[in-house]
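Here the structure comes first, spelled out in structure tokens, and everything after it is commentary.
The values are calculated or read from the model by the stated rules, or taken from the named source; none is laboratory data. Since the structure is predicted, the reported quantities are computational estimates derived from the model, not experimental observations. Cβ: placed from backbone, ideal geometry, glycine included. Neighbour counts: every protein chain shown. Accessible surface areas use protein heavy atoms only, side chains included; no ligands, DNA or RNA. Shrake-Rupley method; radii C 1.70, N 1.55, O 1.52, S 1.80 Å.
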Amino acid sequence: MAPLAMSDGQPRSRSFFRMNQSRREALAAYAFLAPNFLAFLVLVLGPTVFSFVVGFTTWNGLGMPKWSGLQNYVRLVKDPLFVKAVRNTAIYAIEFVPLAVICALGLALLFNYKTIGISFARLLFFLPFVTDMISISFVWMFIFHLRFGILNYFLSLVDLPPQAWLGDTKWAMFSIVILSVWRWMGYYALIILASLQGVPQELYEAAKIDGAGRWKSFIKITVPLISPALFFVVTTGIISSFQVFEQMYIMTSGGPQDSTISIAMFLYQQGFLFLRMGYASAVAWVLFFIIFIVTMINWNVRGRWVYEG
Amino acid sequence: MNYATSYPPGEQGVSRSGRRRNIFPAGKLAISLLLFILALGVSFPFVWMIRTSFMLPTDALKFPPLWVPPTFTLQNYRNALTIQPFARYLLNSVFISTVVVFAQLLTASMGAYAFARLKFPGREPLFLLYLATMMIPFQVTLIPLFVMVAKVGWVDTYAAVIVPAIASAYLTFLLRQFFMSIPRELEDAARIDGASYFRIYATIILPLSKPALASCGLLSFMGSWTNFLWPLIVIRTRELRPVPLGLAALQQEQGYTDFPQLMAGSVMALLPIMIVFVFLQRYFVQGIALTGLKG
């Protein structure tokens with residue numbers, strides 16, 4: 001092999017010159033990867049393994065962790081507050097995901113029309129997505145307020161009684177869902193829109209010739225062709241749902257009567273308020289396990305409804 | 001997938017759209033009207049926030065609500081800035097987010113280059129490992145990271161917020177996908193001229209990836225600016241708080257909820273990120289295409 005002059009004409013040691021091409025490439029690759037991999041090892045992989053081990057111990061974060069086997073997990077299953085947190089989070093996901101996806105699909109279909117101010121409209125609907133949760137949680141708290149809230153004012157206009165939205169076990173979770181749908185639908189809509197714009201128009205023309213109506217071509221052509229985008233939106237929606245935290249932390253602190261305590265919030269309380277690090281780590285792994293299972297189910301039913309052309 | 005071909009709201013899809021051409025003006029008008037009404041509804045919380053932030057508490061808490069504020073006041077902003085060091089919070093957030101963005105882009109792009117372009121033993125399994133960790137929720141690493149930060153003595157420092165944010169398997173993945181779409185011929189020419197791998201990375205790959213880097217930078221900026229849970233855990237001193245934490249403190253340390261003042265705080269918290277968004281929205285949208293279309 002001919003020793004190529006390396007970069008910048010810098011002198012290289014003889015052994016480096018002798019190195020064959022693939023060795024040199026591998027060395028360069030490791031050098032490039034080093035900072036990234038170091039961070040990954042220390043900040044992601046290491047902590048993940050550590051967390052898994054701590055989940056089997058009793059530990060207050062100081063001192064030495066005490067091995068306790070499966071005790072944390074057994075206790076979790078019996079902890080009524082945790083069971084409630086899992087239920088609440090599931091309710092949140094079941095309400096949020098379909099609502100957000102349907103709203104986003106509707107918006108995407110509207111966005112697909114070329115009308116005046118369409119790009120401005122898209123921008124406007126996307127705006128909630130770039131907000132931080134804390135600010136907008138305060139804004140919605142004010143909107144939902146029992147006495148001064150504009151929502152109750154709108155209700156009074158149509159002669160409906162005022163509701164204590166965030167203070168009522170019946171409404172609190174749904175109020176949070178409304179905020180989340182408002183925040184995410186514009187983002188989801190743009191993802192679906194991107195896919196919608198890739199649908200070949202000839203298909204619609206052909207369907208029309210065959211006498212298919214708008215609804216039929218929507219169900220038979222549009223939905224299958226944008227199903228990968230829908231799948232992506234559903235998947236990310238589910239994953240983010242199970243990690244929901246800030247909205248509850250600010251708007252309800254988990255109340256009323258623990259009706260809005262989420263898994264992430266339960267974890268925060270156990271780990272950082274009560275310093276039960278082992279217990280909280282077990283919660284984190286249950287959370288991972290739930291997300292994993294749901295994603296797997298989602299992935300497996302994929303073949304039934306997602307069209308991969 | 002190459003995002004250049006799937007840039008969503010670009011106008012390239014318009015001309016070949018038969019459906020849009022067939023719309024009658026009346027239908028078009030109806031759709032415009034519908035969009036307009038929906039847009040009003042969606043932007044209402046922002047309007048309400050801004051309105052309330054300029055009102056005296058007595059006016060803001062009237063029921064039925066006053067649509068037009070009878071008096072215009074800056075008092076809420078003044079209060080928010082004096083009760084809490086809100087200007088300091090903004091500076092903290094700007095500093096933290098800027099450092100995080102550059103650190104993430106540097107490490108992610110270097111790693112992505114290795115994954116996308118260089119052959120080395122262990123590449124595939126390592127990449128799979130990166131992918132696998134992307135499924136693990138942040139909550140899993142929360143406690144170990146906190147323990148580590150505490151052990152190093154970083155609790156209550158900027159480093160505690162910045163350093164753990166540097167690792168991003170996600171950005172590494174996104175940039176790798178993008179780098180893969182850059183034609184190899186460009187590199188081969190440089191290679192024949194004797195350019196080093198670093199030269200290729202710095203003078204060919206990075207300049208060609210500016211839009212992708214901008215999109216990823218924005219994603220990372222947003223993530224950093226809006227991060228709440230992590231600073232909540234590692235920051236104790238008020239002087240070190242980033243904006244979301246300071247905003248939460250504005251309510252919690254007051255003991256009661258002063259909505260006009262909170263709205264003023266929210267406006268100040270949202271303004272920087274909104275400005276960034278409005279100016280760089282193109283890259284946000286590209287970022288969506290980049291993230292959304294891998295499936």
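Is there any pair linking a residue in the range A:153-164 that is in the same structural domain as A:Phe142 (by TED's automatic domain parsing) to one that is at pLDDT 90 or above and assigned to a loop (DSSP other than H, G, I, E, B), with Cβ under 7 Å and at least six apart or on different chains, and which?
From the range A:153-164, the pairs are A:Gln163/A:Trp171.
Name the residue, out of B:Leu206, B:Leu213, B:Leu219, that is in a helix (DSSP H, G or I) and within 11 Å of another protein chain (Cβ to nearest Cβ).
Values: B:Leu206 fails: within 11 Å of another protein chain (Cβ to nearest Cβ); B:Leu213 fails: within 11 Å of another protein chain (Cβ to nearest Cβ).
Result: B:Leu219 is the single residue among B:Leu206, B:Leu213, B:Leu219 that is in a helix (DSSP H, G or I) and within 11 Å of another protein chain (Cβ to nearest Cβ).
Check B:Phe72 against each of (1) in contact with a Gly (Cβ under 9 Å, 6 or more places away or on another chain); (2) open to solvent by 60 Å² or more (accessible area, probe 1.4 Å); (3) not charged (D, E, K, R) and name the one condition it does not meet.
(1)
When residues of the range A:47-74 are filtered for being assigned to a helix (DSSP H, G or I) and out of contact with any helix residue (DSSP H, G or I) (no Cβ under 7 Å at 6 or more places or on another chain), how many remain? Talk me through it step by step, then tell me what you get.
Our first condition is that a residue be assigned to a helix (DSSP H, G or I); within the range A:47-74, this holds for A:47-54, A:71-74.
Now narrow it down to the ones that are out of contact with any helix residue (DSSP H, G or I) (no Cβ under 7 Å at 6 or more places or on another chain): A:49, A:53, A:71, A:74.
Going through the range A:47-74 one residue at a time, the tally reaches 4.
Kindly check whether there is at least one residue in the range B:222-240 that is over 26 Å from B:Gln261 (Cα atoms) and within 9 Å of another protein chain (Cβ to nearest Cβ).
Looking through the range B:222-240, none of the residues is over 26 Å from B:Gln261 (Cα atoms) and within 9 Å of another protein chain (Cβ to nearest Cβ).
Determine whether A:Glu202 is surrounded by fewer than 13 Cβ atoms within 10 Å (Cβ to Cβ), within 11 Å of chain B (Cβ to nearest Cβ) and assigned to a helix (DSSP H, G or I).
Values: surrounded by fewer than 13 Cβ atoms within 10 Å (Cβ to Cβ): yes; within 11 Å of chain B (Cβ to nearest Cβ): yes; assigned to a helix (DSSP H, G or I): yes.
Here the answer is yes, as A:Glu202 does meet what is asked.
Hey, among B:Ile37, B:Ile96, B:Ile50, which residue is out of contact with any Leu (no Cβ under 9 Å at 6 or more places or on another chain), under 19 Å from B:Leu270 (Cβ atoms) and not assigned by TED's automatic domain parsing to the domain that holds B:Leu232?
On the way: B:Ile37 fails: under 19 Å from B:Leu270 (Cβ atoms); B:Ile96 fails: not assigned by TED's automatic domain parsing to the domain that holds B:Leu232.
Within the list B:Ile37, B:Ile96, B:Ile50, the selection yields B:Ile50.
Out of A:Ile209, A:Ile238, A:Ile263, A:Ile221, report the one residue that is at the interface with chain B (Cβ under 10 Å from one of its Cβ atoms) and not charged (D, E, K, R).
Numbers: A:Ile209 fails: at the interface with chain B (Cβ under 10 Å from one of its Cβ atoms); A:Ile238 fails: at the interface with chain B (Cβ under 10 Å from one of its Cβ atoms); A:Ile221 fails: at the interface with chain B (Cβ under 10 Å from one of its Cβ atoms).
Just one listed residue meets the conditions, A:Ile263.
Pull out all pairs, ordered by first then second residue, where Cβ-Cβ is under 6 Å, the residues are six or more apart or on different chains, the first lies in the range A:32-59 and is more than 7 Å from every other protein chain (Cβ to nearest Cβ), and the second is of a type in the set (A, V, I, L, M, F, W, C).
A:Gly55/A:Ala282; A:Gly55/A:Trp285; A:Thr57/A:Trp67; A:Trp59/A:Met277
Exactly one of these conditions fails for B:Ile275: (1) in contact (Cβ under 8 Å) with a residue 40 or more places away in the chain; (2) more than 10 Å from every other protein chain (Cβ to nearest Cβ). Give me its number.
Failed condition: (1).
Look through the range A:116-151, keep the residues that are outside any helix (DSSP H, G or I) and open to solvent by 10 Å² or more (accessible area, probe 1.4 Å), and return whichever of them is farthest from the other protein chains (Cβ to nearest Cβ). Outline the logic, then answer.
Within the range A:116-151, the subset outside any helix (DSSP H, G or I) is A:116-117, A:131-132, A:144-149.
This time we only want the ones that are open to solvent by 10 Å² or more (accessible area, probe 1.4 Å), so: A:116-117, A:145-148.
Values: A:Ile116: 6, A:Gly117: 7, A:His145: 8, A:Leu146: 10, A:Arg147: 6, A:Phe148: 5 Å.
Taking the candidates together, the pick is A:Leu146.
Could you list, in sequence order, the residues of the range A:76-110 that are assigned to a helix (DSSP H, G or I) and of a type in the set (Asp, Glu)?
A:Glu95
I'd like the residue in the range B:142-182 that is outside any helix (DSSP H, G or I) and among the hydroxyl-bearing types (Ser, Thr, Tyr) and, out of all such residues, is nearest to A:Leu38 (Cα to Cα).
Taking the candidates together, the pick is B:Ser168.
Restricting the search to the range B:152-172, which residues are without any contact (Cβ under 8 Å) to a residue 60 or more places away in the chain and under 23 Å from the mean Cα position of the chain (by Cα)?
To start, the set of residues in the range B:152-172 that are without any contact (Cβ under 8 Å) to a residue 60 or more places away in the chain comprises B:152-153, B:159, B:163, B:169-170.
Of everything in the range B:152-172, those that are without any contact (Cβ under 8 Å) to a residue 60 or more places away in the chain and under 23 Å from the mean Cα position of the chain (by Cα) turn out to be B:Ala159, B:Val163, B:Ala169, B:Tyr170.
If you go through the range B:133-151, how many residues are more than 8 Å from chain A (Cβ to nearest Cβ) and within 23 Å of the chain's Cα centre (by Cα)?
Kept after step one, since they are more than 8 Å from chain A (Cβ to nearest Cβ), are these residues of the range B:133-151: B:134, B:149, B:151.
This time we only want the ones that are within 23 Å of the chain's Cα centre (by Cα), so: B:134.
Result for the range B:133-151: 1.
Could you tell me whether A:Val286 is open to solvent by 20 Å² or more (accessible area, probe 1.4 Å) and β-branched (Val, Ile, Thr)? Before you say what the answer is, go through the steps one by one.
Values: open to solvent by 20 Å² or more (accessible area, probe 1.4 Å): yes; β-branched (Val, Ile, Thr): yes.
It is true that A:Val286 is open to solvent by 20 Å² or more (accessible area, probe 1.4 Å) and β-branched (Val, Ile, Thr).
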